[in-house]
Amino acid sequence: MGKIALLVSREEMIYQAHNIVQEKNYEIGEMRVIKTEDTVSEARQSIANGASIIIARGLQASLIKQYTDIPVVEIVITAQEMALLVSKAKQILKKDNPILGVVGFKNMFCDMSYFDTIYGIEMRTYFAEKGDVLEDMARQAVRDEVDLIIGGDTAVGIAGKAGMPSLFLSNTEDSMRNALSMAESVDYAMGVEKRNAAQIETLLDYSFNGVARLDASGNIVDINAIMEDILEKKKKEILLKPATEVFPELLGEPFCQVLQYGKESYSLFMEINRTSVFAIVAPVVIEKKVEGAILTCHRMKRRQNKGHDLKGKNHLRGAVALGEFSDLLQQSVSMQDCLRIARLYALSEKTVVITGEPGTEKQLLAQCIHNAGLHKEGPFINISCDGLGEEVQYDMIFGDKGAVVQAKGGSLLIEDVQALTKANQYRLYQLIRHKHRMGKDGQRYAGTEVRIMVTSSVPFSALAKEVTFRRELYYLLGGLAVEIPALRERKEDLEHKIRETLRDCCEHYSRYHVLTKGAFQILLDHPWNGNLIQVENFCERLVLTAEKRSLDEVFVERLLSEMYPGEGKEKSFDDFIREQEVSYPIEARKIRDTLLKLGGSREKTAKELGISKATLWRKMKKYHLE
């Protein structure tokens, strides 16, 4: 609560204030009678004593306003008080339609527009704009030969010297009560503003991001310490400068739309003093009018190496498997079935074949099997065969310094096994079957203990039809096979992945976006042929390019069609079969024909095909046979 000072020119006004204060406990710090010529010095003395609001009237109020910067509440004559003065004037003059001259400052008086009609008088007002012309206004009233002057000490004194009747502009407790109530309201508003300012100051001081406040013209009016650190400049160096001068990257139409039209937000990357920052400009809108903007700058995080706390020489060789089964998405039944099988395979030392569409967790699942198996203390090496010639494949896998040697005592993951040349397929067969490594000259190096796992981006059954794939290797690999379902077939995992990735991206870039229900459903219905990789990349771009906090289906559909044109279109079974003709038309047709033969009964179809209902359902979705 601030301190309120009452400074008036007459003692009776102090008495009125005392009476009112006894009725209601107004917080009045001091009440004094002062002379008009001492107004400014008296006001400054009150301010020095701690006054935050001054109540005054007439010329004294005008002088305090003019020569100090403290809020002034003026005592305004009420309509009832003015009516009493008019009645007294008519009693004094005893004439019809007397001319009354009212001298003072306009904001001292109530609305007197209809007084002439109501009270049968002619009222002329002589309002002064400044204190030094008040006497001139009083003298003008005298020259106009009004019948009576109503005003303060100055006006009454001049009227007396001219021998003209006058009435002092006295007030009752009504105007004093209104002034005290107004002062209390002003004090409350000032307190609220101070609290808000203190809260904003605290937010600025303790924010982990750089923050700058801009006015409606785009000039910087405040920054916090973090922003000083980012800019490498002190606050006083940039205050009141245009934001576009301090941050040149803001130049352009998007920033103008934020300030002029209150566009929801504008985000961009900036390079400030060799530091990459992610910036967001958000408008401050009050009653549909843009009053300014807030600019926040978030330093981009440096990438940290995972697994830096792992021990042992295998880590130094880059041969550590970080994956655990708990790291995999497994809220869907189909993925739970997949992991149940994978955990069983981890108990074996035999070769494991992992299949799945591009972007599924094939490598991560191999790491999980390794870490849960008998070779977990050994190294984990992974090699991709795709796009490599026979010599390079041999050197990388079977050479004297190849992956087989490096993975001794551990696990070797060979990715894209279908890309192995026939000669290297034979070497892999010898390694798995007879536990020895074959050199280029056919020499065998015995005693190689390493667990082999392979991945394939096509169904493993399709390899049997490939003339370039050795039949003996196919049957040797086919014992422990596990297929990772596509993400679109695991709706629970897909939903979790989308939410988790969006949250992580928003956190990384210090942003906040939400999807509407319709937008989220569009993402759930999308095929996601690239699986996890595609979801992650899409969400990254979604967050970086979003200009609003709430993202609707129109925005999501536009971005999907822009990034993956035609991918979301529904395909018929025949279209799908034509596209996958090389890979697995036989299985799809067999399921379709069996379903047609048995009238669509899934239970009978699964029984005839010798598979579970869950597997049948998964394959039906895979081949678009739902």
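A few comments on the model shown:
- Here Ser46 clears all of (1) within 17 Å of Ile4 (Cβ to Cβ); (2) touching a helix residue (DSSP H, G or I) at 6+ places or on another chain (Cβ under 8 Å); (3) buried (at least 20 other Cβ atoms within 10 Å of the Cβ) except the condition numbered (2).
- Lone qualifier among Gln66, Gln91, Gln45, Gln60 - being modelled with pLDDT of 90 or more, within 58 Å of the chain's Cα centre (by Cα) and either assigned to a helix (DSSP H, G or I) or among the hydroxyl-bearing types (Ser, Thr, Tyr) (or both): Gln45
- Every test in (1) under 24 Å from Lys94 (Cα atoms); (2) under 60 Å from the mean Cα position of the chain (by Cα) is passed by Asp132 save one, and that test is (1).
- Pairs with Cβ under 8 Å, 6+ apart, first in the range 381-400 and in contact (Cβ under 8 Å) with a residue 60 or more places away in the chain, second among the polar types (S, T, N, Q) and in a helix (DSSP H, G or I): Ile381/Gln406
This table checks each residue for (1) surrounded by 15 or more Cβ atoms within 10 Å (Cβ to Cβ); (2) of a type in the set (D, E, K, R); (3) touching a Ser or Thr at 6+ places or on another chain (Cβ under 8 Å).
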site: Lys235; (1), (2), (3): yes, yes, no
site: Leu240; (1), (2), (3): no, no, no
site: Thr244; (1), (2), (3): yes, no, no
site: Glu253; (1), (2), (3): no, yes, no
site: Cys256; (1), (2), (3): yes, no, no
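- Residue count for the range 475-496 under the criterion of being in contact with an Asp or Glu (Cβ under 8 Å, 6 or more places away or on another chain) and not small (Gly, Ala, Ser): the result is 2.
- Residue match in the range 205-220 (condition: surrounded by 13 or more Cβ atoms within 10 Å (Cβ to Cβ) and in contact with a Lys or Arg (Cβ under 6 Å, 6 or more places away or on another chain)): yes
- Checking each residue in the range 1-44 for being closer than 15 Å to Glu173 by Cα and among the hydroxyl-bearing types (Ser, Thr, Tyr) picks out Tyr15, Tyr26.
- Filter result (of a type outside the set (A, V, I, L, M, F, W, C) and either in contact with an Asp or Glu (Cβ under 8 Å, 6 or more places away or on another chain) or free of Cβ contacts under 8 Å to residues at least 24 places away in the same chain (or both)) within the range 411-426: Glu415, Asp416, Gln418, Thr421, Asn424
- Answer residue from the range 162-197, given it is farther than 29 Å from Gln91 by Cα and charged (D, E, K, R) and is modelled with the lowest pLDDT among those: Glu193
- Selection from the range 15-34 of residues that are surrounded by 14 or more Cβ atoms within 10 Å (Cβ to Cβ) and in a strand (DSSP E or B): Ile28, Gly29, Glu30, Met31, Val33
Every residue, every condition in (1) touching a strand residue (DSSP E or B) at 6+ places or on another chain (Cβ under 9 Å); (2) more than 30 Å from Glu122 (Cα to Cα), yes or no:
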position	(1), (2)
Asn19	no, yes
Met31	yes, yes
Lys35	no, yes
Ser52	yes, yes
Tyr67	no, yes
Ile75	yes, no
Ala79	no, no
Leu84	no, no
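- Inclusion of Gln425 among residues that are closer than 23 Å to Ser348 by Cα, under 48 Å from the mean Cα position of the chain (by Cα), surrounded by 15 or more Cβ atoms within 10 Å (Cβ to Cβ) and assigned by TED's automatic domain parsing to the domain that holds Asp337 is not warranted.
- Residues satisfying the stated conditions in the range 587-623, i.e. farther than 13 Å from Ser334 by Cβ, touching a residue at least 12 places away in the same chain (Cβ under 8 Å) and surrounded by fewer than 16 Cβ atoms within 10 Å (Cβ to Cβ): Arg589, Lys590, Arg602, Glu608
A quick yes/no check of all residues on (1) charged (D, E, K, R); (2) over 30 Å from Glu27 (Cβ atoms):
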position	(1), (2)
Tyr188	no, no
Val211	no, yes
Asn224	no, yes
Ile230	no, yes
Lys236	yes, yes
Gly252	no, yes
Val258	no, yes
Met270	no, yes
Thr275	no, yes
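- Helices (runs of 4 or more DSSP H) contained entirely in the range 143-262, each with at least 3 residues that are farther than 30 Å from Ala128 by Cβ and not assigned by TED's automatic domain parsing to the domain that holds Lys289: 173-206
- Members of the range 99-115 that are surrounded by 15 or more Cβ atoms within 10 Å (Cβ to Cβ) and either among the charged types (D, E, K, R) or within 18 Å of Val156 (Cα to Cα) (or both): Ile99, Leu100, Gly101, Val102, Val103, Gly104, Phe105, Met108, Phe109
- Scanning the range 313-355 for residues being in a loop (DSSP other than H, G, I, E, B), in contact with a strand residue (DSSP E or B) (Cβ under 9 Å, 6 or more places away or on another chain) and modelled with pLDDT of 90 or more gives a total of 2.
- Glu173 of a type in the set (Asp, Glu), touching a residue at least 40 places away in the same chain (Cβ under 8 Å) and closer than 25 Å to Arg10 by Cα: yes
- Which listed residue, of Val221, Val281, Val192, is among the aliphatic types (A, V, I, L, M) and under 22 Å from Ala546 (Cα atoms): Val281
- Only listed residue being closer than 17 Å to Gln393 by Cβ and touching a residue at least 60 places away in the same chain (Cβ under 8 Å), chosen from Ser510, Ser456: Ser456
- Just one of (1) touching a residue at least 60 places away in the same chain (Cβ under 8 Å); (2) in contact with a helix residue (DSSP H, G or I) (Cβ under 9 Å, 6 or more places away or on another chain) fails for Thr275. It is (1).
The values are calculated or read from the model by the stated rules, or taken from the named source; none is laboratory data. As the structure is a computational prediction, the values presented were derived from the model and not from experiment. Note that we place each Cβ from the backbone using ideal geometry, even for glycine, and neighbour counts take in every protein chain shown.
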